[in-house]
Each structure stands twice: as C-alpha cells, then as structure tokens.
Amino acid sequence: MDANQVLTGWGRTRPSRAIVSGPMDTCALQELVASRPARGVLARGAGRSYGDAAQNLDGHVVTPVTQPTVELDVAAGTVRASASATFAEVLAKAVPHGLILPVLPGTRHLTMGGAVAADVHGKNQHADGSIAAWIDEIELIDGTGALRTLTPDSDPEAFHATVGGMGLTGLILTVKIRMMTVRSAMIKVTSCRHADLDGLLAALDGTRERYSVAWVDTTASGRSLGRGIVDTGDHLAGPDPLREPDGLTYRPPHTRRAPAMPFCPVTPLWARWFNSLWFSQATSYRIAVTDLPTFYHRLDAVDGWNRAIGPRGLIQYQFVVPDGAENVIARALETVQRHRCAPFLGTLKRFGEASKGPLSFPMRGWSLAIDMPAGRPGLRHALAKLDYAVTAVGGRVYLAKDARLGRASFDVMYGPQTAWRAARARLDPDGVFQSDLGRRLGLCAG
Amino acid sequence: MTKSCPYHRVLVLGGASEIGQQVLAALHLPPDAEVLLAGRDEQRMAAAAERLTRRVRTLQYDAAATGTHQAVIEKAFAGGDVDLVISAAGILAGQDVLDGDPDRAGLLVQTNLTGQVTTLLAATARLRAQGHGTIVVLSSVAAIRPRRANFVYGATKAGLDAFARGLADSLHGSGVRVLLVRPGFVIGRMTRGLRPAPLATTPAAVGRAVAAGLARDATVVWVPPVLRVFAVALRLIPRPIWRRLRR
C-alpha cells in the first residue's frame, strides 16, 4: 500500500512528507531498491528517534519493513528477529526461557532494525557495551538490491558502518543477537538521592552493579545544581518465589494514553515545580525489587507522552563528553536554565568503552540527555552554545535524538568519517538510501 | 563555527523596505551570509547594502509587474539554496485618494496581493524542491477587519493573510515553513503624515519580533504581542459602532 504521509520523529518537530509503504516481502523490497527512486528509500522502525532520522522528504519510507518474527534458539542462547520486531515482542518470547536482550533502551517499542541502525545502548552500557557488541549477524538489502549477510568477522567495515549507520547503508531485514541468561526477571534496585552534581557523578562512577542511571533535576541551580537520584540494580540471583511463582515472565502493565495538548503546558516554572516535587518525594535511600518494565521502560507507562508536550513538539539533547570534561555537564544544565528552555527531564549515564561503529554514539565518559519543549525562544541559541561546548572537549551528540545539529558541528564531533563513507560507497554505490538527517548532516547526497 | 542563526542566503522582496531592513538587522546573520535585495529603489537598496556589512546582491523587482516574477525568483535561486524569503513589498495609499482614482486602487491590489501571490508561489516551488527554508509574510492587523478608513489596503492584507495561512498548511511536511507577521500601525516611511493609531509600533520592533519568531519556529507573530488579544476585541465590536470609527 503506497500512501503519501507526513512523518515526524518522536519529538514531532520536523514533519516531512514521504511515500510510505510496507510491510513487504524480500523480493518486493529488492525491486524497490533496484528501481533506484530519485529521492531514495529509507527503512523506518517504530519512529522513536526524536528528530528526522526516520524521515525521507519526497522519497520512499518503508515501515514496517517486514512482518515481525522472532525465532528463539534457547540452546544456543540467541535470537533471530526480523527488523520490525519490537523489543517487547522479543522479550515476551525470550524471558520465560530465562533469556533477555543484553541491551535494553528506555522504551520497549523500538524495533530491532531501528536499534541496530542507531546502535542503541542501555543502562548497562558501562559494563556490557552497546548493542553492536552482541550482534552476530545482520541480513540486509544493499543499494544494488542484493541480499547480504554481515558479520563482525566476514566484512567488519560494512558491519560496523551498518550498526549505528542510521539506515543509510541498507535495509536491515533480520538481526541475530546473543542473549543474556538470567535466573530471575526481577531486578533489585537501589535508589540513592544526591544533593549535588559531584555526589551524583561519584555515585555513578563508583557503582559496581550491572545497571546504573541517574535522574537529574534539570531545574535545580546554585548549590543544588545537578542534584538527582541514582538508580543501580542487577537481576536477582534466583527466581523470586513471591513475585514469579510460575517462572519468569515479561508482562508490560496496561498503559494509559496521554492527551494531545493543544498548547505546550511545559513552562520553566512548571518544569521547576515538577522536578522539585520528583526530587523531594524520593527517599534518600531505598532498596526495592521491581520487574523489568518498571525499571527499564518507565516512560512507556504513558503511551504517546510526546503528544502531551504540545503541538510544537519536544527536543531531546543528548550528548557524551569524555572523562575530565564533567564541567560541561554542569555548564549544559546552567545554559538551558539561563535561556529558560524549560528542561523537564534529565538523564545522566556513565559510559564505558565505545563500540567500533564510526557513527556510534557511546564513548568512555558521561552522557546527559535533557528533554525540553521545542517552542521556547531561547532554545536555538542555548543548543548552539552547547554544541560549541561539547565539540570543544571532543564530545558528540546522539544522532538518534538529534533534530537540529548543523553540518559544521557534526563534522567536528564525528570527524570526516572516511571509513564510514567508504563502506557506504561500497554497500550503496548509487546512494539509494537517504534520510532527512543524512541530507542535513551531509551523510548522503541530495 | 557553530552558529545560532541558520540563514546563509536570505532573499528580501521589497529590498528597500524599512521592515525588511530591520528584520535583517535583528537576525544577526553570520559573516559569510549572502543577502539578496529585490526591489525598485536602487539608491535605497545600495544604502541598505552598505549598512548590512554582508555580501549583498540587488535584483530589480517590481511587485506589480507579475510577468517578471518567475524570472526574478530564478535569478535569486540560481546562486544556491535560499534559506529565508522575506516578503516585505507593499504600499499604502489613503482611502480618499483611492476613492477618486480607482486605477491606483488596482495598483495597490496588484502590489500588495497579486504580486505577492505570484512571487511567493514561484519561490515556493523552488523551496519545496530544496526541501527546506522559511517564508516570512508581512500581513497586518488591518487584515482582521476592514475599516472604513482604509478598506482597500485592508482587503489586500486580508487576501494576503488568507493566502499565507493556506500556503503554510499546504507546505506542512515539505520542510518549508511560513511565518505570518501581523504588525499594528507601524510608524515609518509608509505611514508618514498619518496620525499613529493606538498600540503603534516601529520597524525596529517588527524586525526584532520577526527574528524572535523565527528563533522559536512560531507560525504567527503579532507586533506588539498584545494585538493578539486586541484583535479578538476588534472582531467583536458590533457593526453599527465599528462603522462610526473614523480611522
């Protein structure tokens, strides 16, 4: 079914019209790619990237790419999932067998294809790396319409260009991922409140647990700048007899749908009130046992929460800075406060080693994500300042979250990308795979 | 390196207009930006070019000569993508003058409405093709309700206002945006000799408001902002009373 449709990212900031089709079988996809449409082809997963990564103005967008299928190999501890299968679908099948995906991003609605294209990370990035480290095999249709199987060993350049390649190297069909064995689907979470940024950073740095993440009060200033709550956790060593008497399960709770607001309710004052309340309602130290959805996918509790930010949408600015550049985190918080950007949600993570993908986001250091409504007057200026501060210390912003980065800043953050461009030229010699993000950042022509 | 102003090529239709100049001044264009001034008054445009301290090219443009608009747009876009099109061409004439000279009223409609439509449609096609860009359309509070004292001008602005709103909707999802500006009475060259209306503003204030509106991706900007509320009142005044307003 072909249809002209206006697509946006999760942030709803840059609508663009495209010819939307899918799901299709492999032959039809190959034909579409081989016909080399003028404005290109792009695969779109769940549309959960915040900016224009999954949009292709006037071109073809295939979503979902295939039918969702999940084949579990319990003995080998691997899963082969089609690109359009979501994390929720994979977990629902795998968890009863004591297997979970080793990388779980903040929402269960992501598709596997999208996760590979963005090289997503989870709360265990510092210990287990991003999803790139767990992929055995990617099956994709390259720019000539041919089927290729990429593994980290057979063609490392093509493999690493595809993981994190934002869908610009081909249409991902299936992904084979090594799973992680768990004895329980419950997680023991320790939450600890810290009164300032130093405490927060020290707590994140000192944790030995598998999962760690911090919520930051983005509106606290002065002595309290960067105060927040650190959550650390790990799977229980054995099944919890009270909570999972019938074995391991993955059951997301029922969700409520957020109302689409006709205006933006998020103001600096509201953000301050909301964040202060969140901070003060937390106990200073708490240990609890929770299930997977509560720990990982807290934001999924409200469906379509992005619509509640109003018609102008929202921007998430997520960046990583290397060790020693912690001052940029403080500066980022100060900058969005000074420009009255109404930052309403902040997430701080400790990052471990980078993966090998040239366009991959994670690198050793600190990552901060700030959610803000898009319509604030000071936003553009504040983010330009942040781009400058982040580039100055050798950091970068996350392409899957980005909707507005300029080409000059991108070139400084990610370098000239000769390896990636060479791999793409080999996989997609005619430049069939295009996206709004790719055109904006000069990753694809047109 | 990083710039908060993303406009590198700016086309100003009505290049000699005061509001156009003030918008350019308020934008803080990057030093390597190129400005295209399209207008009739070469002298005024040359003076404006000097003040801008950016690369400036002037194009001969007459808003009333609709046949030439396609060519003007071609010329403007020949040098590369245009990031911002400011449509600031417009004239004003007193209603008493127009009453005695219907031809002149025709010229006013031609300049303020017909010419804008032909130029902007030509520009829209190019902007659509390049997939990004912003159009600034200068409407007026006069578009909200025609007044006895200048209803021909009001009619042109009402037409332009409707055109701009429709254009914005048709461009949804194309990567091109429209910013509609509705200033009140602007004290300047165009209104010389007229007594300022309440809530009058200046070209500089309009320029700042447009720059701020662009920065926050607004769709409609009122100058001064309180006019948004005032306009509701304008609509609600009963006609017999409205009719008695002398200005």
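Okay, here's what the table says:
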{"read-out": "Loss of accessible area when A meets B, both sides summed, Å² nearest 100, probe 1.4 Å", "value": "1400"}
{"read-out": "Exposure ranking of A:141, B:91 by accessible area [1.4 Å probe, largest first]", "value": "B:91, A:141"}
{"read-out": "Å² of accessible area per residue within the protein assembly as shown, as computed with a 1.4 Å probe and no ligands counted", "value": "41"}
{"read-out": "Counting all C-alpha pairs of segment B:9-242, share separated by more than 33 Å (%)", "value": "12"}
{"read-out": "Other protein chain Cβ atoms within 10 Å, averaged over every residue that makes up A:375-383", "value": "4"}
{"read-out": "Among B:228, B:51, B:208, residue whose mean-square fluctuation peaks in a GNM of chain B (springs only between Cα atoms under 10 Å)", "value": "B:51"}
{"read-out": "Under 5 Å, built H, 5+ apart or other chain: amide partners of residue A:248", "value": "none"}
{"read-out": "Long-range amide H partners of residue B:134 with built H, under 5 Å", "value": "B:84, B:85, B:177"}
{"read-out": "1.4 Å probe, heavy atoms, protein only - residues of segment A:384-419 losing at least 30 Å² accessible area vs chain alone", "value": "A:384, A:388"}
{"read-out": "Gaussian network model of chain A, Cα within-10 Å springs - most flexible of A:345, A:314, A:110", "value": "A:345"}
{"read-out": "Per-residue ³J(HN,Hα) for segment A:84-101, Karplus 6.51 cos²θ - 1.76 cosθ + 1.60, θ = phi - 60°, Hz, x for Gly and Pro", "value": "8, 6, 8, 4, 4, 5, 5, 5, 4, 7, 8, 4, x, 8, x, 10, 10, 5"}
{"read-out": "Within 10 Å of each Cβ in A:13-21, the average number of Cβ atoms from other chains", "value": "3"}
{"read-out": "Under 5 Å, built H, 5+ apart or other chain: amide partners of residue A:69", "value": "A:82, A:84, A:85"}
{"read-out": "Relative contact order of chain B, pairs being alpha-carbon contacts under 8 Å that are 6 or more residues apart, as %", "value": "19"}
{"read-out": "Within 10 Å of each Cβ in B:165-173, the average number of Cβ atoms from other chains", "value": "2"}
{"read-out": "Principal axis box of segment B:157-224, alpha-carbon based, largest edge first, Å", "value": "43, 26, 18"}
{"read-out": "Cα centroid separation, segment B:29-97 to segment A:146-177 (Å)", "value": "49"}
{"read-out": "Under Karplus coefficients 6.51, -1.76 and 1.60, residue-wise ³J(HN,Hα) of segment A:115-120 in Hz, glycine/proline x", "value": "5, 5, 4, 9, 6, 5"}
{"read-out": "Calculated [θ] (222 nm, deg cm²/dmol) that DSSP helices of n ≥ 4 give over chain A, each run adding -39,500 (n - 2.57)", "value": "-7000 deg cm²/dmol"}
{"read-out": "Out-of-range pairs (alpha-carbon distance over 28 Å; input A:349/A:385; A:188/A:385; A:93/A:188; A:385/B:75; A:401/B:75)", "value": "A:188/A:385; A:385/B:75; A:401/B:75"}
{"read-out": "In sequence order, calculated HN-Hα J values of segment B:81-93 (Karplus, 6.51, -1.76, 1.60; Hz; x Gly/Pro)", "value": "4, 9, 8, 9, 10, 10, 9, 10, 6, x, 10, 9, 9"}
{"read-out": "Accessible carbon and sulfur surface of the protein assembly as shown relative to its total accessible area, %, 1.4 Å", "value": "55"}
{"read-out": "Estimated Rh, segment A:24-148: Kirkwood, alpha-carbon pairs, angstrom", "value": "15.5"}
{"read-out": "Cα gyration tensor shape for chain A, rounded if a/c is under 1.5, else prolate or oblate", "value": "oblate"}
{"read-out": "For chain A, built as a Gaussian network whose Cα springs stay under 10 Å, the top-fluctuating residue of A:133, A:389, A:146", "value": "A:146"}
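The values are calculated or read from the model by the stated rules, or taken from the named source; none is laboratory data. All figures in this text were calculated on a predicted structure; none of them were measured in a lab. Heads up, the Cβs are rebuilt from the backbone with ideal geometry, glycines too, and the neighbour counts pull from every protein chain shown. For the accessible areas, the whole protein counts, side chains as well, though only heavy atoms, and no ligand, DNA or RNA atoms are used. Shrake-Rupley method; radii C 1.70, N 1.55, O 1.52, S 1.80 Å.
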